[in-house]
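> Got a structure here, written out as structure tokens. Questions coming.
Each value in this text was obtained by applying a stated rule to the coordinates, not by laboratory testing. Because the structure is a prediction, the values reported are computed rather than measured. Please note: Cβ atoms are built from the backbone with ideal geometry, for glycine as well, and neighbour counts cover all protein chains shown.
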Amino acid sequence: MNMHFYRKLPIPKEIKEQYPITPELSARRDACVRELKDIFEGKSDRFILVIGPCSADKEDAVLDYIYRLRRVQEKVADKIMIVPRIYTNKPRTTGDGYKGMLHQPDPNAEPDLLRGIVAIRKLHLRALAETEFGCADEMLYPENHRYLSDILTYVAVGARSVEDQQHRLTASGLDIPVGMKNPTGGDITVMMNSITAAQHSHMFLYRGWEVKSMGNPHAHAILRGYVNAHGQSLPNYHYEDLINLYDTYQKSGLQNPAVIVDTNHANSGKKHLEQVRIAKEILHSCRHSNDIKSIVKGLMIESYIEDGAQKIGADEIYGKSITDPCLGWDKTERLILDMAVVL
């Protein structure tokens, strides 16, 4: 093989034993999962905000940001359930660039996956322990999920992964809500097929085991926009798009029809400031149509302490994204408070 086997890494069970979750934190995480499931099942009318940096980079800045979310959560708790994004794996279109904390716990240093595994587990544990938030991550590598499986409240399967068999089958065996993004080409039947697969039971190979999944009734859609044949970003969050998804769900027979709308990526054309307008338009669509309101369970927003994005380097600005541009804190706080008024 044309690869160097650098070192064998600890299995998830060993990492969990070294950095355990306490019974109290486990109960708190389970309570967060139950709250989320109640929203997806229609037992609660709270609105979900999966919100945070495009990718987690520095532990201190990420936790600073989540502490700020906690203060806002207390003001809007009757209307909104905040699920902080701690995205520790970053998909790269060409494979080049910063791949997230799992690969580089220090963005300015060489990749170190052992340190990365420890760093992402410690960060998720600290967020749960110190802010009482159950958090979200992207399931970029299904085989790595078990390093965080006892901590996470929510996971998303990205636009480049949603057609992959292993992602779909692994999602079918998770006990937390899983969002399936539409693919970059925009065909929502691919996303719906992925949700169907995730909601069904399967026998498959996972981490060297023959396993049987039970099916995940809380697998759902994430609309994130798409790219056309000319490489142009096009949105799929408008009223007509949401009605079309509602009609598609009605014909599907799937459990708990639901969508989280991603306000960034191709929906905004990566123009991060547009997220405010997009969020408000989606809420307007929910007020105008009970059908749309019945399936739109929340939003996914890319937000950090500072507006925009920057290059990795010695002169980095604290709390500013080193991947996609994010909405800064002041605008984020204002948006959340404004949303709570109209919900």
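> Mind sorting I278, I11 by how few other Cβ atoms lie within 10 Å of their own Cβ, fewest first?
The most exposed by this proxy come first: I11, I278.
> When a/c reaches 1.5 or more, the comparison of a/b and b/c decides; with that in mind, is the stretch 70-149 rounded, prolate or oblate per its Cα gyration tensor?
prolate
> A further question on this structure: Using the structure shown, list the pairs from K43/K79; K271/K320; K43/K297; K270/K331; K122/K271; K90/K181 with a Cα-Cα distance above 20 Å, or answer none.
K122/K271
> Taking the dipole about the Cα centre of the chain, with the C-beta of Lys and Arg at +1 and of Asp and Glu at -1, give me whichever of S233, I86, A258 is farthest to the positive side.
A258
> Express as a percent, rounded to the nearest 5, the fraction of DSSP beta bridges in the chain (both residues included) that run antiparallel.
20 percent
> Right, next: Once Lys and Arg get +1 and Asp and Glu get -1 on their Cβ, which of I15, Q166, C54 lies farthest toward the positive end of the dipole of the stretch 12-342?
Of the listed residues, the answer is Q166.
> To the nearest 500 deg cm²/dmol, what mean residue ellipticity at 222 nm is calculated for the chain from DSSP H runs of n ≥ 4 alone, each contributing -39,500 (n - 2.57), summed and divided by the residues?
That comes out to -12000 deg cm²/dmol.
> Using the Cα gyration tensor of the chain, with a ≥ b ≥ c the square roots of its eigenvalues, what is the shape: rounded (a/c below 1.5), prolate (a/b larger than b/c) or oblate (neither)?
rounded
> Compute, for the chain, the length of the dipole vector about the Cα centre, with Cβ point charges of +1 (Lys, Arg) and -1 (Asp, Glu) only. Units Debye, rounded to 20.
Computed charge dipole of the chain: roughly 320 debye.
> From the square roots a ≥ b ≥ c of the eigenvalues of the alpha-carbon gyration tensor of the stretch 200-343, which class results: rounded (a/c under 1.5), prolate (a/b over b/c), or oblate?
Cα axes put the stretch 200-343 in the oblate bin.
> Express in whole angstrom the spacing between the alpha-carbon centres of the stretch 57-120 and the stretch 170-203.
Their Cα centres are 23 Å away from one another.
> Apply the Karplus parameterisation 6.51 cos²θ - 1.76 cosθ + 1.60, with θ equal to phi minus 60°, to every residue of the stretch 129-140 and state each ³J(HN,Hα) to the nearest whole Hz, in sequence, with x for glycine and proline.
3J(HN,Hα) across the stretch 129-140, in whole Hz: 5, 8, 10, 6, 8, x, 10, 10, 9, 8, 8, 6.
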